[in-house]
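The values are calculated or read from the model by the stated rules, or taken from the named source; none is laboratory data. All values derive from a computational prediction rather than experimental measurement. Neighbour counts run over all protein chains shown; Cβ positions are idealised from the backbone, glycine included. Protein only, heavy atoms only, side chains kept; ligands, DNA and RNA dropped before computing areas. Shrake-Rupley method; radii C 1.70, N 1.55, O 1.52, S 1.80 Å.
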Amino acid sequence: MIAILIFGSIAAASKFHVPENVYSQYVKKYGQQAETRLDSLLALMDGLSEATDDKKVIEVNRFFNQVQYQTDMKTWGQSDYWASRLEFLGIGAGDCEDYAVSKFLTLIQLGIPQEKLFLTYVKRGAESHMVVTYYKEPNTVPFVLDNYDKSIQPATKRTDLSPVYSFTANDLFLQKQQGLGKRVDPSQSKNLNKLKAIDLEIMKR
C-alpha cells in the first residue's frame, strides 16, 4: 500500500507521462526491458524540463543513441517504416529515421523552439541518412545529432555528410552546409506526412 502511494505521488509529480491504457498495452506487448527504457525516457524528460537547451540536446542525443541500430527490413519487414518513439523503445532497435524523429519530437516537447530544430536528410557516401540539426542561433552553422557519430559536432566538421534537405512538420528547405538554404513547397514531401502521422504518445501535463 505504501509503495502504491509513493508510486502514485511520483507519477502525479511527473510532467511527462503515457496514458495508462497505452502504457499497459506497451508493457504487455514489449515486456519488462522495454518498460525500463520507457520509464528511463520519461524520467529523463522530467529531469530536463528546466535545463538549458544545450543540456537538453546533449542528454536526449545520448539517450537515444544507446538504442541498437537495425534496418527497417529486419525490424518491420519493409524497406521504409517510421516508428513512433514507443515502437522504437519497445523493439529496442531502429534505423536512422527512428533515432532522428525520436530526438526531434522529444526536444520539441522539452520546449526547444521549433525554429532551432530540423530533421535533415543527408548523403553519407552513397547512403541516404537522416540526422537532427540544431541551430543555437539563427543563420549559424547547425550542430548535428547523429546515431553513427555519437558526438555532437558543427555541420562543417561533418565532412562525411552531404546535406540534401531539411524539414519540420511545416517546412521544407533545400539544404546548404551553413544555414537552411532555400525554402521550397513542402506539400510534395512524403516525409512531412510521415512525421505528422506519428502520434505523440508521450503527453505533457
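The rows are residues; the columns are (1) out of contact with any His (no Cβ under 7 Å at 6 or more places or on another chain); (2) without any contact (Cβ under 8 Å) to a residue 40 or more places away in the chain; (3) in a helix (DSSP H, G or I).
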position	(1), (2), (3)
ALA100	yes, no, yes
ILE112	yes, no, no
PHE118	yes, no, no
THR133	yes, yes, no
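Are any residues in segment 61-87 charged (D, E, K, R), under 20 Å from GLU201 (Cα atoms) and touching a Gly at 6+ places or on another chain (Cβ under 9 Å), and if so, which ones? Correct list: GLU87 only. Looking at PHE167, PHE143, just one residue is open to solvent by 10 Å² or more (accessible area, probe 1.4 Å) and either modelled with pLDDT of 90 or more or touching a strand residue (DSSP E or B) at 6+ places or on another chain (Cβ under 6 Å) (or both), and that residue is PHE143.
Residue count for segment 49-65 satisfying the condition of being at pLDDT below 95 and open to solvent by 60 Å² or more (accessible area, probe 1.4 Å): 1. Filtered by the rule that a residue be of a type in the set (S, T, N, Q) and either under 16 Å from the mean Cα position of the chain (by Cα) or crowded, with 18+ Cβ neighbours inside 10 Å (or both), segment 22-48 gives a lone residue, SER40.
Conditions (1) over 9 Å from the mean Cα position of the chain (by Cα); (2) open to solvent by 10 Å² or more (accessible area, probe 1.4 Å), marked per residue:
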| position | (1), (2) |
| --- | --- |
| VAL67 | yes, yes |
| ASP72 | yes, no |
| THR75 | yes, yes |
| GLU87 | yes, yes |
| GLY94 | yes, no |
| ASP98 | no, no |
| LEU105 | no, yes |
| ILE112 | yes, no |
